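Everything on this sheet refers to the single structure shown next.
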Amino acid sequence: MEIGDRAPARTGADLVVECLSAEGVDLVAGVPGTTVMDLIDSLARQQAVRFVSTRHEQVAGFLADGVSRSGVGVGVCLVSRGPGAANAAIAVQNAYDESVPLVLLVGQVPAGIVERRAFEEMDVVATFRPMSKWAVEIHQVDRVPELLQRAVRTAVGGRPGPVVVSLPLDVLQAVVDDGVRPAPRRRTHPPAPAPAAVREATELLRHAERPAVLVGGGAAGNPAAVLELAERLSAPVLTTWLRQGSVPHDHPAFLGALGYGAHPVTEDAVRDADVLVALGCRFSEFTTKRWTLLSPETRLVHVDIDPEELGRVYPPEVGMVADAALAARALSAAVHDTAPEPAERRSALRAAYVRTSSLTSPELAEDDPAGGVSSIAAVSALQRVADTDGVLLVQDAPSFGPWSHRYLRLNRPGTFFGSAGGAMAWGLPAAMGVALARADQRVVAISGDGSFWMVAQDFETCVRESISVVNVVMNNSAYGNTRDRQRSAHEGRYLGVFYGNPDLAEFARSLGGHGARVTTDDELAPALEKALAQDGPAIVDVVQNQMYGLPPGLLPPAAR
C-alpha cells in the first residue's frame with residue numbers, strides 16, 4: 001500500500017459519529033464551519049448517519065426538533081463556534097420550553113488558545129446552561145463515548161429537553177486508541193406511580209361529581225391510556241394549548257384544547273371541575289388564562305415525570321411523580337366500577353362543544369375576509385387533509401392559529417404538531433425534520449408569511465434534499481398578531497407590522513419546487529390537492545386581506 005492510500009487515522013470526530021450511530025441517530029442537520037469540518041468529513045466517510053446541510057443554524061435546530069417530535073429517534077444538530085452557536089440558540093430555548101429532546105453539537109476553539117478571545121470564541125457551556133437540561137464541554141478524546149452518549153440519554157430521559165455538547169477542535173482532531181469504542185445503547189424505564197398516591201387519588205375520584213382530565217405534552221402519544229381513564233370516570237378530556245392532537249376529536253369525551261382561542265365550554269369544564277386529573281401538564285400561562293382558570297375549590301391530581309412541576313403553580317392534593325401513561329392506567333384499574341355516573345353532564349358538554357366548534361356556527365356568519373381567501377375556506381380545505389391517512393400537519397405560530405385551534409377536527413391522534421414555545425419560523429424547519437424522520441408520510445406545514453420568510457431560504461434545502469413538504473402560507477403581508485394588538489390596544493396606530501411579499505408560487509418554482517397562488521376560496525382545495533400529488537416540495541400561497549385575522553369576536557390577549 002502506498003503512503004497516500006493508507007486509511008486515515010481514527011480521530012475524535014470519527015468517534016463522535018460512531019457514538020451517534022450507536023445511540024440510534026441516523027440524521028444530523030447543520031451548517032458547515034471551521035471548527036466542525038473534521039466532523040463533517042467523518043460524516044462524509046460513512047453511510048450510517050446522514051448529514052443535511054441547511055442554510056441557517058436556526059433551521060438546523062428546528063429541523064432536529066421536528067425529528068424528535070416525530071417519535072422516531074432524537075434530533076441532532078451541528079454548528080460551529082460563536083455566531084453559529086448563537087444562531088442555534090433560539091431552537092435550543094424553544095426545545096427547553098417545550099420539553100423536546102434535542103442534542104446540539106458545537107465546534108469549539110482548541111484548548112491551546114482558549115481564554116485568549118480567539119476568533120469566534122464563546123463560552124458555550126455558560127451560554128447554554130440556562131436554556132438546556134445539561135451543557136458540557138469534552139476535553140479528552142477518550143471521554144467522548146462517556147459524555148456524548150450520556151448527553152443523548154439525558155436529552156430523552158425523564159422530562160425531555162435539549163442538551164448542548166461543546167467539542168473543541170483539538171478533541172475532534174485527536175487520534176483515538178483502537179480500544180476506545182462507543183458503549184451499548186442504554187435507556188431507563190419511566191417511573192410508575194406510588195401505590196399510596198394511586199389510593200389517595202382514587203378516593204378523590206370515587207366521590208367526584210364533575211371530574212375532568214387534562215392532557216399535556218407529557219401525556220402525548222398515549223391516547224388509549226388517557227381515554228380509558230376518561231371512560232372509567234365518565235369525564236371530559238381536554239388538552240393543553242396546542243396539544244390537541246393527543247386524542248381523537250371524534251371521541252365523545254373530547255372537549256377541545258385550552259389556551260388562546262379556546263371555546264367557553266372548554267374552559268368551563270375545567271373551571272367547574274370538582275376534581276381535575278392533570279397528566280403531564282405544567283399549567284402554562286395560555287392554558288390557564290394567565291393562571292386564573294382553575295378554581296380554588298378544584299381538587300387537583302397532578303401527574304408529572306418531573307417532581308419540580310408538582311406544586312410549581314398549583315399545589316396538588318395528590319401529586320404523582322410518574323410517567324403519565326402508567327399513572328393513567330393505574331388510576332383506570334383502581335377506579336374501575338367505583339366511579340360515579342356523570343355521563344349525562346359530559347354528553348351535554350360534548351354537544352355544546354360540537355355546536356360551537358363547527359364551521360357552521362352562527363358566530364362565523366359575521367366573518368368578513370374583505371377580499372382574498374377566507375380562513376373558513378382554509379380550515380375546510382385543511383380538514384380534508386387532516387382526514388387523509390398518511391398525512392401529518394405541522395402548525396407554525398401564525399395569526400391563523402386560533403382558527404385551526406377552534407375549528408379543525410383532528411380525528412387521528414399523533415398526526416398534528418404545534419409549537420407552544422412561541423418561536424416564529426419553527427414550522428417549515430420542523431416539518432422538514434418530521435418529513436425526514438417519517439418518510440412514509442406526507443407532511444403539510446401551515447405558516448404565516450411572517451414566519452415563513454424568516455426561513456424561506458431553506459425551501460432550497462427541501463428541493464436539494466428531496467424533502468417533500470407542502471408549505472401552506474397564510475399570506476396577509478402583515479405580522480398579524482402584532483397588528484391585532486395595535487388595533488385593539490393602541491387605537492390602530494400601526495407601525496412595523498406591514499410589509500411587501502413577492503409571488504410565493506413564483507419563488508417556489510424559481511428554486512425547482514411546485515408553486516400555486518390562491519386568491520379565492522374555491523381555488524384553495526384543488527391547489528392543495530395538486531400540491532400533495534407532487535413528488536417534491538411545494539408552496540401554496542394563500543393570499544388574504546392585509547387586515548384580516550382572528551375569528552369573529554376574538555381579541556388578542558393583552559400584553560401585561
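Quarter the surface of the alpha carbon convex hull of the chain and you get the mean projected area, 28.0 square nanometres. Calculated FRET efficiency, Glu506 to Glu460, Cβ-Cβ distance, R0 = 22 Å: about 0.95 to the nearest 0.05. Legend: translational diffusion of the stretch 345-451 by Stokes-Einstein, Rh = Kirkwood radius over C-alpha pairs, 10 °C, 1.306 mPa s; D = 105 µm²/s.
Seen from a random direction on average, the alpha-carbon convex hull of the stretch 363-543 projects onto 10.4 square nanometres. Between Glu231 and Ala118, the modelled labels are 6.1 nm apart [label points 7 Å from Cα along Cα→Cβ].
If only the Cβ of Lys and Arg carry +1 and only the Cβ of Asp and Glu carry -1, the dipole of the chain around its Cα centre is close to 580 debye.
Projecting label points 7 angstrom from Cα along Cα→Cβ for Arg312 and Thr292 puts them 2.3 nm apart. Residue separation of Asp367 and Ala126 scaled by 0.36 nm, minus their Cα-Cα distance, works out to 81.8 nm of gained length.
Modelled this way, with points 7 Å down the Cα-to-C-beta line, the labels at Glu203 and Asp250 are 4.2 nm from one another. With Rh defined as the Kirkwood radius, the inverse of the mean 1/r over Cα pairs, the Rg/Rh of the stretch 195-356 is 0.92.
Distant-in-sequence amide contacts of Gly418, defined by a placed amide H-H separation under 5 Å and a gap of 5 or more residues or a different chain, comprise Gln395. Residues of the stretch 423-441 falling in the label zone of Thr388, defined by backbone nitrogen less than 13 Å from a point 7 Å along Cα to beta-carbon, are 441.
Can you give the extra length, in nm with one decimal, that the chain gains between Thr360 and Ser21 once fully stretched, where that is 0.36 nm per residue apart less the Cα-Cα distance?
Numbers: separation 339, 0.36 × 339 = 122.04 nm, distance 5.12 nm.
This chain segment gains 116.9 nm when fully extended.
Straightening the chain between Arg181 and Asn411 buys 78.2 nm, computed as 0.36 nm per residue apart minus the Cα-Cα spacing.
No value in this document is a laboratory result; all are computed from the given coordinates. Every value quoted in this text rests on a predicted model; they were computed, and no experiment measured them. Positions of Cβ are generated from backbone atoms using ideal geometry, with glycine treated the same way; all protein chains shown enter the neighbour counts.
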